[in-house]
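Each value in this text was obtained by applying a stated rule to the coordinates, not by laboratory testing. Computed from a predicted model, the values in this text were never measured in an experiment. We place every Cβ from the backbone using ideal geometry, glycine too, and count neighbours over all the protein chains shown.
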Amino acid sequence: KQEVTQIPAALSVPEGENLVLNCSFTDSAIYNLQWFRQDPGKGLTSLLLIQSSQREQTSGRLNASLDKSSGRSTLYIAASQPGDSATYLCAALSGNTPLVFGKGTRLSVIA
Amino acid sequence: DTGVSQNPRHKITKRGQNVTFRCDPISEHNRLYWYRQTLGQGPEFLTYFQNEAQLEKSRLLSDRFSAERPKGSFSTLEIQRTEQGDSAMYLCASSLGSLSRYNEQFFGPGTRLTVL
């Protein structure tokens, strides 16, 4: 059974700092890994999707990497801004099974 | 707007009442998923449809829960005899499924249920 863990649970950084969010998964036979952003009381916004054959994906200031062999993914946020404050969730998809989510990392960027 | 939509956005009900939520997926998506999220947790899978067929149900989906997707378009999730433990955000997502090798899921804004 796939299990996804995100560390740290919460993170507070000053504006402008680069930061890394970590995601680990127990079953390396994943189809893809998806990173989401969730603002308080809102739904999920898809940020990046990495296929199992890919090593990384980039979108603007965001870069996500995937290492299947070690069961790890990271989300790198460059030059953080207060508007980046949100909860970031990673989720693994294995074959036809539904997404399995971590509990998220709550990020606060202080101006 | 061509995203996933959910109604209502908020629902407050008394214990024992029945509630029904609706999800309208992105029009060309043939897969539709329901998830439940409680405070401080990631979303947990409840059930999913490919077109009108319900293909998988989680053990979280007790017999008080039922979901339908008539004609493979919108979906409804009904909870009968609500309990306080049903209070949560109910999220709907859709994807192209087998039509796409990525199977990226897109989420709606959610329906927040509060059972008093």
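Using a cut-off of 13 Å between beta-carbons, work out the net charge of the residues near residue B:89 (Lys and Arg +1, Asp and Glu -1, residue B:89 not included).
Values: positive: A:42, B:9, B:11, B:36, B:112; negative: A:39, B:44, B:86.
Result for the neighbourhood of residue B:89: +2.
For chain B, what is the charge dipole size about the Cα centre, in debye to the nearest 20, if Lys and Arg each add +1 at the Cβ and Asp and Glu each add -1 at the Cβ? Write out the running numbers ahead of the final one.
On the way: 15 positive and 12 negative charges, 68 e Å.
In debye, rounded to 20, chain B gives about 320.
Going by how many other beta carbons lie within 10 Å of each one, how would you line up A:13, A:4, fewest first? Spell out each step's value before the answer.
Numbers: A:13 16, A:4 23.
Neighbour counts put them in this order, fewest first: A:13, A:4.
Determine the principal axes of the Cα atoms in segment B:1-94, then give the extent along each, sorted from largest to smallest and rounded to whole angstroms.
Computed over the Cα atoms, the extents are 36, 27, 24 Å.
What ranking of B:10, B:29 emerges when the number of other C-beta atoms within 10 Å of each C-beta is taken as an exposure proxy, fewest first? Each step should come with its number before you reach the end.
Numbers: B:10 11, B:29 18.
In increasing order of surrounding Cβ atoms, one gets B:10, B:29.
With viscosity set to 1.002 mPa s at 20 °C, what whole-number translational diffusion coefficient in µm²/s follows for segment B:15-58 from Stokes-Einstein and a Kirkwood radius over Cα pairs?
175
Shielding of B:107-114 by partners, i.e. mean partner chain Cβ atoms within 10 Å per residue? Intermediate results must be reported in sequence, preceding the final value.
Details: counts 8, 2, 4, 5, 1, 1, 0, 0.
Across B:107-114, the average partner-chain Cβ count within 10 Å equals 3.
How high is the relative contact order of segment A:1-103, in percent, counting Cα pairs under 8 Å that sit 6 or more residues apart?
Values: 225 pairs, mean separation 36.6, N = 103.
Across segment A:1-103, relative contact order equals 36 percent.
Kindly give Rg over Rh for the protein assembly as shown, based on alpha-carbon atoms, with the Kirkwood expression for the hydrodynamic radius.
Details: Rg = 17.5 Å, Rh = 18.0 Å.
Here the Rg-to-Rh quotient is 0.97.
Within a Cβ distance under 13 Å of residue B:71, other residues only, what is the Lys/Arg minus Asp/Glu net charge?
-2
May I ask for the net charge around residue B:53, where only other residues with Cβ less than 14 Å from the Cβ of residue B:53 are counted and Lys, Arg are +1 while Asp, Glu are -1?
On the way: positive: B:31, B:57, B:69, B:71; negative: B:52, B:56, B:68.
Combined, the nearby Lys, Arg, Asp and Glu give +1.
Given A:68/A:103; B:14/B:57; A:103/B:11; A:1/B:57, which pairs have Cα atoms separated by over 18 Å?
Beyond 18 Å: A:68/A:103; B:14/B:57; A:103/B:11.
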